[in-house]
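Only one structure is covered here, and it is reproduced in the block below.
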Amino acid sequence: MALLTGKAVAITGAASGIGRAIALEMARHGASVCINYYPDEPSAAAAAALGAQIAAERGPGVFASVAGDISTPEAGQALVAAAVAHFGKLDVFVSNAGICPFAEFTTMPADTYRRTVAVNLDGAFFATQAAARQMQAQGTGGSIIGVSSISALVGGGLQTHYTPTKAGVLSLMQSCAVALGQHGIRCNALLPGTIRTGLNEADLVGAKGAAMAARVPLGRLGEPADLAGPAVFLASDLSCYVTGAQVLVDGGLFVNLQ
Ligand SMILES: NC(=O)c1ccc[n+]([C@@H]2O[C@H](COP(=O)([O-])OP(=O)(O)OC[C@H]3O[C@@H](n4cnc5c(N)ncnc54)[C@H](O)[C@@H]3O)[C@@H](O)[C@H]2O)c1
């Protein structure tokens with residue numbers, strides 16, 4: 001069953017990992033998808049490959065992409081403008097782009113902290129703001145999904161710069177749910193557990209990866225595609241009375257940390 005037929009979607013940082021999986025699954029559910037990708041050659045090539053795959057499955061005209069450093073307000077605005085230029089509207093926005101450069105707290109350079117906050121939190125704020133402005137102007141409601149993390153709820157010794165940004169994305173979605181509910185715009189947070197992507201795969205090899213997987217009640221680490229179904233649900237009208245929610249997609253890891 002196609003759950004997103006006729007919907008126009010914009011996703012940040014979707015050339016790889018979780019964002020890519022969400023883009024692909026939403027396209028498979030009938031959506032038109034516009035992605036933002038980081039302005040470098042590998043990301044441009046990955047975005048083009050995703051576009052080719054979606055075109056092969058769905059035909060032409062349902063995919064668009066735009067480069068931009070999402071830490072700037074202009075990149076979020078450009079993504080929303082591209083979605084509207086290609087598809088005439090915006091129904092669903094996913095704030096996904098993020099970085100997680102593991103670092104010791106006491107020796108962390110200020111630039112590492114500032115860059116992480118700029119991409120993960122400033123980027124989420126400004127792009128969500130651009131999406132909300134568009135949805136509000138359209139007057140037909142919408143769904144906004146912020147990719148947070150279970151790190152929003154638990155500490156991480158090498159993530160003292162990262163976990164506050166993910167708690168920030170969760171809080172942003174909660175406050176936006178309150179601010180935008182009157183416009184029929186729903187805002188929810190997805191909280192992935194440990195998902196094998198370019199963000200962390202170097203840290204998940206060998207015995208360490210096996211030990212991480214052993215802590216997951218469902219018995220394995222997550223894959224990007226594990227986030228796609230929950231994202232489609234939150235984007236679709238099946239979740240029409242769900243807003244301000246935190247949806248953990250972690251194989252049960254969080255409750256096993258209690
Ligand atoms: N992998 C995990 O275990 C995990 C767990 C919890 C939350 N998350 C979150 O999921 C989201 C996606 O991460 P992922 O795991 O798929 O990793 P990933 O590295 O595959 O994806 C992140 C994407 O964001 C893009 N990006 C980075 N900086 C950007 C910028 N300034 N402008 C535009 N794009 C930028 C990257 O190019 C990349 O395509 C992140 O927000 C991350 O915090 C991941």
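The values are calculated or read from the model by the stated rules, or taken from the named source; none is laboratory data. Remember, it's a predicted structure, so these values are computed and weren't measured experimentally. Please note: Cβ atoms are built from the backbone with ideal geometry, for glycine as well, and neighbour counts cover all protein chains shown.
Given the conditions (1) closer than 25 Å to Cys240 by Cα; (2) touching a helix residue (DSSP H, G or I) at 6+ places or on another chain (Cβ under 9 Å), and given that Gly123 satisfies all but one, which numbered condition is not satisfied?
So Gly123 meets the others, but not (1).
Take the residues in the stretch 112-135 that are more than 14 Å from the ligand (Cβ to nearest atom) and surrounded by fewer than 17 Cβ atoms within 10 Å (Cβ to Cβ), then tell me which one is farthest from the chain's Cα centre (by Cα).
Result: Arg133.
Scan the stretch 167-177 and give yes if some residue there is modelled with pLDDT of 95 or more, touching a Phe, Trp or Tyr at 6+ places or on another chain (Cβ under 6 Å) and among the hydroxyl-bearing types (Ser, Thr, Tyr), otherwise no.
no
Could you grab me the full set of residues in the stretch 220-251 that are polar (S, T, N, Q) and assigned to a strand (DSSP E or B)?
Across the stretch 220-251, the qualifying residue is only Gln246.
Filter the stretch 146-162 down to the residues that are near the ligand (Cβ under 10 Å from one of its atoms), closer than 16 Å to Asp122 by Cβ and not small (Gly, Ala, Ser) and list them by number.
Val147, Tyr162
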